[in-house]
Amino acid sequence: MLKYQELPAAIGRCLQGRTRGLLQRILRFPKGAYSIIELSSACRLQDAGIYGIVRPVLKRLKRERLLGDEPSMDIVLATRNRKKVEEIRRITAGLPIMVLSLDNFPECPETVEDRDTFEGNAVKKATEVAHCTGKPALADDSGLVVDALGGRPGVLSARYAPDASSGNDPRNYEKVLKDLRPYSGADRTARFVCCIALAFPDGQVRTFFGYAEGRIAPEPRGQKGFGYDPVFIPQGYESTFAEMRPEEKDGLSHRGKALEKLSEFLLSFSKHKEN
């Protein structure tokens with residue numbers, strides 16, 4: 001049986017191209033015969049902008065008891081970074097929420113991250129997006145803190161290199177490696193820090209923190225992940241984040257740990273709403 005929150009992405013995928021016929025066929029299946037295995041081969045989690053179009057279909061399926069409960073709330077991720085959206089959706093997949101992104105709200109302006117703490121930037125982004133969309137908004141600010149560099153890059157992680165074009169620009173971690181040339185071994189300790197802010201349209205804000213301790217590798221390794229992942233080795237491991245499987249990294253990452261705390265809150269929040 002399909003979970004309610006899985007179907008918008010599945011149907012959205014089916015409506016976009018040659019698999020539209022698949023959608024028409026599965027809607028004629030007998031009750032109880034909706035196969036996530038058949039759908040998953042053609043459907044991949046993506047932005048839910050098509051949700052409004054398929055909502056009547058979802059309601060019909062729910063009435064016929066082919067789906068579980070509808071998500072208790074929509075949450076807008078205050079980002080257009082696709083890799084970050086995928087990571088957060090993957091980690092929150094089991095929660096009763098519909099995850100949207102700023103791609104669903106092109107009218108929302110970019111937030112200027114001018115605070116001097118991770119928490120300050122996360123709260124500012126989430127609050128502005130909640131005000132713009134009228135929906136609960138989730139924002140994070142995270143970065144790399146290197147002890148030998150006095151805490152840098154810190155809140156400047158996405159633009160540490162003067163010529164970096166984004167937080168995914170390799171020039172950022174190349175500058176860290178350059179700055180750390182005089183240091184080796186135990187002197188290359190570092191940690192990822194993440195603060196996630198959940199802001200509601202009424203002005204309430206909750207924050208959740210996560211940390212990943214580790215060290216900086218002598219050179220970049222791996223093709224997965226993003227940002228500083230190719231040069232960060234988590235404590236107790238020899239592989240960089242960029243060499244790990246996504247599921248393995250999720251269990252260790254600063255964002256994964258912060259999202260775990262967020263997940264606990266959202267579960268208790270949804271149960272409170274039901275009561």
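Residues in region 87-104 that are modelled with pLDDT of 80 or more and either under 20 Å from PHE226 (Cα atoms) or part of a helix (DSSP H, G or I) (or both): SER101, LEU102, ASP103, ASN104. Of everything in region 209-250 that is buried (at least 19 other Cβ atoms within 10 Å of the Cβ) and hydroxyl-bearing (Ser, Thr, Tyr), the residue that is farthest from LYS175 (Cα to Cα) is THR240. Being surrounded by 21 or more Cβ atoms within 10 Å (Cβ to Cβ), of a type in the set (Val, Ile, Thr) and within 18 Å of PHE226 (Cβ to Cβ): is that true of VAL123 here? Against the criterion (surrounded by 21 or more Cβ atoms within 10 Å (Cβ to Cβ), of a type in the set (Val, Ile, Thr) and within 18 Å of PHE226 (Cβ to Cβ)), VAL123 does not qualify.
Taking region 244-264 as the range and being touching a Leu at 6+ places or on another chain (Cβ under 9 Å), at pLDDT 85 or above and under 18 Å from ALA197 (Cα atoms) as the test, only LEU262 passes. Residue count for region 129-156 under the criterion of being more than 17 Å from ALA197 (Cβ to Cβ) and assigned to a helix (DSSP H, G or I): the result is 5.
Among the residues examined, LEU144 does not qualify as under 23 Å from LYS125 (Cα atoms), modelled with pLDDT under 95 and surrounded by 18 or more Cβ atoms within 10 Å (Cβ to Cβ).
The residues of region 159-192 that are buried (at least 23 other Cβ atoms within 10 Å of the Cβ) and within 20 Å of the chain's Cα centre (by Cα) amount to a single one, PHE192.
The values are calculated or read from the model by the stated rules, or taken from the named source; none is laboratory data. Values in this document were obtained by computation on a predicted structure and should not be read as measured data. Quick reminder, even Gly has a Cβ in these numbers, built from the backbone with ideal geometry, and neighbours come from all protein chains shown.
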